[in-house]
Amino acid sequence: MSDLDDFSARLRSLTDGRASAPRVRDGVMTLALDVGGLSPERRDAVAAAIREGALTVPGVTDVRIAMTAERQQAKKPPRVIAVASGKGGVGKSTLSANLAVALSRLGHRVGLVDADIYGPSQARLMGSEGEKPQARDKRLIPVAGALGIPMLSMAHLVEPGQALAWRGPMAGNALSQLIDADWGEAELLIVDMPPGTGDIQLSMIQKHKPAGAVIVSTPQDLALIDATRAVSLFEKGGVPIIGLVENMAGYACPHCGELSDPFGNGGAEATAKAADMAFLGRIPLAIDIRMQSDAGDPPAARDDAHGAAFRSVAEQVAAWLRSA
């Protein structure tokens, strides 16, 4: 592989496919960069990174970047990533919120949908409780969650604590309103699915065609059994499984630092291997994650060890999206 070919491969990753193939003539590298939907800060940062990398290619003495805005002119519907589990209580909503934050920090334009119609929690996790969405042309306009990530939840549409006694079709219609909202420049929608394999999950698969699904489980056998049911549902619906995340994996005593495994150890990784699925990583059982989540301050927004755990999962999801 030539030095230019090697740089071209790095360029695709660096710009998330926004750059054209580079050309070099008389020491000058030229390429086009689609900056549609990027903030000025992000646009300038990407351009600077391109120049820095290009000047490492032997023979290149100058870099010229033509910036275009093609994505603003021809919007594509955002790709849907479903985050699911076979049962409740495994931390799926926390993983969804932090996955959205981590992907956003990696440079993706992300939206977040709380599809748990009967038990919405994303408004709390993303610090947007009390916000009410506006509407335009009969479509909802998302509210801003943590880090400015656009999001929608039934918690934004009903009064706090109000029970929704809706049958399946009504819940399915509500989900469609959330997903079919005006997501602006978002390229990805992270959808926090309700637990189980019922009507809402079927509506999601049939109507909204997720690009892929991330399955969340704790290490214990019962949760893994339910997780395999969720895998089966998506596979039957033709939705690729991106991989399995093991949540609540290990607890470090805040006093002595001793590690323990109240929910077991390694079960999700073994299940993923047996089912020929990718294992996306472990998220620890930690009081800081719980406290920050309850406060609407997602740990993935930080650069500490817990933020790194979510970032690692996001990087693998981003790599899957580039190759899909």
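Descriptive notes on the structure:
- Scanning the range 216-236 for residues that are modelled with pLDDT under 75 and crowded, with 24+ Cβ neighbours inside 10 Å yields a single hit, ALA223.
- Count of the range 263-312 residues which are buried (at least 19 other Cβ atoms within 10 Å of the Cβ), of a type in the set (Phe, Trp, Tyr) and free of Cβ contacts under 8 Å to residues at least 60 places away in the same chain: 1
Every residue, every condition in (1) more than 16 Å from PRO194 (Cβ to Cβ); (2) surrounded by 12 or more Cβ atoms within 10 Å (Cβ to Cβ); (3) touching a residue at least 12 places away in the same chain (Cβ under 8 Å); (4) not aliphatic (A, V, I, L, M), yes or no:
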residue: VAL113; (1), (2), (3), (4): no, yes, yes, no
residue: ILE117; (1), (2), (3), (4): no, yes, yes, no
residue: PRO120; (1), (2), (3), (4): no, yes, yes, yes
residue: MET126; (1), (2), (3), (4): yes, yes, yes, no
residue: GLN134; (1), (2), (3), (4): yes, no, no, yes
residue: LEU140; (1), (2), (3), (4): yes, yes, yes, no
residue: GLY145; (1), (2), (3), (4): yes, yes, yes, yes
residue: ILE149; (1), (2), (3), (4): yes, yes, yes, no
residue: LEU152; (1), (2), (3), (4): no, yes, yes, no
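- Among (1) in the same structural domain as VAL231 (by TED's automatic domain parsing); (2) in a strand (DSSP E or B); (3) hydrophobic (A, V, I, L, M, F, W, C), the one test that VAL101 misses: (2)
- Members of the range 113-158 that are out of contact with any helix residue (DSSP H, G or I) (no Cβ under 9 Å at 6 or more places or on another chain) and among the β-branched types (Val, Ile, Thr): ILE141, VAL158
- When residues in the range 43-76 are screened for being under 16 Å from ARG12 (Cα atoms) and either modelled with pLDDT of 85 or more or acidic (Asp, Glu) (or both), 13 of them pass.
- Which listed residue, of ALA181, ALA165, ALA186, is in the same structural domain as LYS87 (by TED's automatic domain parsing), at pLDDT below 75 and out of contact with any helix residue (DSSP H, G or I) (no Cβ under 9 Å at 6 or more places or on another chain): ALA165
- Scan of the range 83-98 for residues that are part of a loop (DSSP other than H, G, I, E, B), farther than 17 Å from ARG311 by Cβ and not β-branched (Val, Ile, Thr), ordered by number: SER85, GLY86, LYS87, GLY88, GLY89
- Subset tally (residues that are free of Cβ contacts under 8 Å to residues at least 60 places away in the same chain and within 26 Å of SER104 (Cβ to Cβ)) for the range 9-45: 20
- Test: LEU33 is assigned to a strand (DSSP E or B) and not charged (D, E, K, R): yes
The values are calculated or read from the model by the stated rules, or taken from the named source; none is laboratory data. Since we're looking at a predicted model, the values are computed, not measured. Heads up, the Cβs are rebuilt from the backbone with ideal geometry, glycines too, and the neighbour counts pull from every protein chain shown.
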